[in-house]
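Report on the following structure.
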Amino acid sequence: MGKAHSAAFASVGTVFETRLKPRLVSIAASSPESADRYASAFGFERAAPDWRALVEDPGVEAVVIASPQSTHRDIALAAMALGKPVLCEKPMGLDVAEARAMVEAAKAAGVANMVAYNYIRTPASQYVRQLLAEGVIGRITQFRCTHDEDFHIAQKTPAWRCEGDANGCLGDLAPHAINAALALMGPIAELSAVIETVYPERNGIPVTNDDQVQMMVRFDSGVMGHIASSRVATGRKMGYAYEITGTEGAIRFDQEDQNAIWLYRKDDAAGQKGFRKILTGPDHPDYLPFCQGYGHGTG
């Protein structure tokens, strides 16, 4: 993620033709040697000996946190105390108490802040939000969302993924599905959830966190929904997908085909009923800066 954010900041000025152009000033890592290597590879002006030195550097005006979850709170609080905006990777912290502390610190400091839920910002999902706001599929009656991948099926796996709630599926993949639900459907009023560890051991390493989770939810609007996530879903590589059912139609989206949505309209003429694939293009939100042609894809 450090590489992804570095590449994004290096190119965002060109992609969106912004007046201000970010500068990659300083980068810290697990060791000074790693920081030196990343600074050279990613194009930073210098390497910091540790995160504290980076945050306190007067040349650094904003901080991106793409380090292990156990370090998020301390880095965020230190940066915000100095009045520096923070972009933090998810999950925000090791538990809800840490996340709430970060939220309160951001409010107190009055600094710009964001958690890196990027998938809901794809042009296709922004277009879906627009369709919902316009009532195109009528009153919503049901919402289903998944984020399934199969990367944790392989026997060889980093030990850190096998322990700690924040490193399990509920802390790693599920937040993206929950974020999609909140962004598309609004706050959740009621929730019933179960988690499961499918493989109790990995290459001799005991697994003490969850492999998959299922949630039945009721939104504030009254709509019922289902949210599920798995890191052992065989065959799924980027199974961030949702289906929204309404009284006048339905919408489907799958991140493995991220530059399209599927729209069903109840009132389509006889003989033409069925889901219709809509390719995103320059007429959809934030697509044009990336590409000028329909169906070419934002990447």
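Annotations for the structure displayed:
- Residue selected from segment 75-98 under the condition in a helix (DSSP H, G or I) and buried (at least 17 other Cβ atoms within 10 Å of the Cβ), by the criterion modelled with the lowest pLDDT: E98
- Residues of segment 119-138 that are within 11 Å of A250 (Cα to Cα) and in contact with a helix residue (DSSP H, G or I) (Cβ under 9 Å, 6 or more places away or on another chain): V128, L132, V136, I137.
- For segment 215-251, the tally of residues that are more than 17 Å from D150 (Cβ to Cβ), part of a strand (DSSP E or B) and polar (S, T, N, Q) stands at 1.
- Residue within segment 7-25 that is surrounded by 18 or more Cβ atoms within 10 Å (Cβ to Cβ), in contact with a Phe, Trp or Tyr (Cβ under 9 Å, 6 or more places away or on another chain), at pLDDT 95 or above and not assigned by TED's automatic domain parsing to the domain that holds D172 present: no
- Checking each residue in segment 129-168 for being in contact (Cβ under 8 Å) with a residue 60 or more places away in the chain, surrounded by fewer than 14 Cβ atoms within 10 Å (Cβ to Cβ) and of a type in the set (A, V, I, L, M, F, W, C) picks out only W160.
- Per the conditions (1) buried (at least 17 other Cβ atoms within 10 Å of the Cβ); (2) not in a loop (DSSP other than H, G, I, E, B), the sole criterion not satisfied by Y287 is (2).
- Filter pass, V55 being assigned to a helix (DSSP H, G or I), without any contact (Cβ under 8 Å) to a residue 24 or more places away in the chain and over 17 Å from the mean Cα position of the chain (by Cα): no
- Long-range neighbours under 6 Å by Cβ, at least six apart or interchain, first residue at positive phi within segment 189-208, second of a type outside the set (G, A, S): N203/Q155; N203/K156
- A search for C-beta distances below 6 Å between a residue of segment 274-299 that is within 16 Å of V12 (Cα to Cα) and any residue that is aromatic (F, W, Y) and modelled with pLDDT of 90 or more, counting only pairs 6+ apart in sequence or on different chains, returns P289/F16.
- Some residue of segment 105-119 being touching a Ser or Thr at 6+ places or on another chain (Cβ under 8 Å) and surrounded by 14 or more Cβ atoms within 10 Å (Cβ to Cβ): yes
- Test: residue in segment 190-205 that is closer than 30 Å to E104 by Cβ, out of contact with any Asp or Glu (no Cβ under 7 Å at 6 or more places or on another chain), of a type in the set (D, E, K, R) and not in a helix (DSSP H, G or I): yes
The values are calculated or read from the model by the stated rules, or taken from the named source; none is laboratory data. Everything quoted here is computed from the prediction, not taken from an experiment. FYI the Cβ positions are ideal-geometry reconstructions off the backbone, even for glycines, and counts take in every protein chain you see.
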